[in-house]
Amino acid sequence: MIFQYFYQEDAEEFAFIRIPKKMLTENGFSELSLQAKLLYGLFLDRLSMVEKNRWIDEDGKVFIIYPLIDIEEDLNISKRKAVDCLSELERAGLVEKKCRGGGMPSLLYVKSLERETA
C-alpha cells in the first residue's frame with residue numbers, strides 16, 4: 001500500500017472537537033441537549049486560545065470569548081437556539097457568563113468536569 005502525504009490545506013480535515021465521555025454517559029448530564037454538549041466541546045476547544053489572547057482575569061481564572069454570532073455559525077443554528085444552548089450550560093453550572101455591556105461579548109468561564117467542589 002502507498003499512502004499519500006498531508007498538505008497544508010488538509011491540516012484542518014482532522015481537527016476534532018472533544019466532548020468529555022461522562023457528558024454522554026453519566027445521568028447528571030442527561031438533561032443537556034446534544035447541541036449543548038457539543039457547544040461545551042467547542043468551549044473546551046476555545047480554551048486553547050487563552051494564553052495567546054491573555055484571557056485570564058485578576059483572580060487567575062481563565063475565560064473565553066465566544067460571541068453568539070460565532071456559536072450560531074459554528075453550530076449552524078439560530079440565535080434563539082444558540083442562546084438556549086448557552087443557557088442550558090449555565091443552568092447546569094458548566095459555564096458562568098460575565099456580561100461586559102457596551103455591545104461587547106460576554107466573558108465565559110468554562111467549568112471543569114474533573115474539578116468538582118463540595
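Quick rundown of the values:
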quantity	calculated
At 1.306 mPa s and 10 °C, Stokes D of the chain from Kirkwood alpha-carbon radius, µm² per second	100 µm²/s
Debye equation applied to the C-alpha atoms of segment 40-97, log10 I(q)/I(0) at 0.31 Å⁻¹	-1.30
Local net charge near Phe6, Cβ-Cβ under 15 Å (Lys/Arg +1, Asp/Glu -1)	-4
Sum of -39500 (n - 2.57) over DSSP H runs of 4+, divided by residues of the chain (222 nm, nearest 500)	-10000 deg cm²/dmol
Rounded, prolate or oblate (a/c below 1.5 giving rounded, otherwise prolate when a/b exceeds b/c) for segment 75-118 by Cα gyration tensor	oblate
Helix 34-46 axis, angle to the chain major axis (alpha carbon atoms, nearest 10°)	80 degrees
Options Leu42, Ser78, Gly101, ranked by Cα towards positive dipole end of the chain, top entry (Cβ charges)	Gly101
Dipole magnitude of the chain, debye to nearest 20 (Cβ charges: Lys/Arg +1, Asp/Glu -1, about Cα centre)	380 debye
Nearby aspartates and glutamates by direct alpha-carbon distance to Lys37 (threshold 20 angstrom, same-chain neighbours under 8 apart not counted)	Glu26, Asp45, Asp70, Glu72, Glu73, Asp74, Asp84, Glu88, Glu90, Glu96, Glu114, Glu116
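Read-outs: derived from the displayed coordinates by stated rules, not from any lab. Quick caveat, the model's predicted, so the values are computed rather than measured. Because the Cβ atoms are built from the backbone with ideal geometry, glycine has one as well, and the counts that use them run over all protein chains shown.
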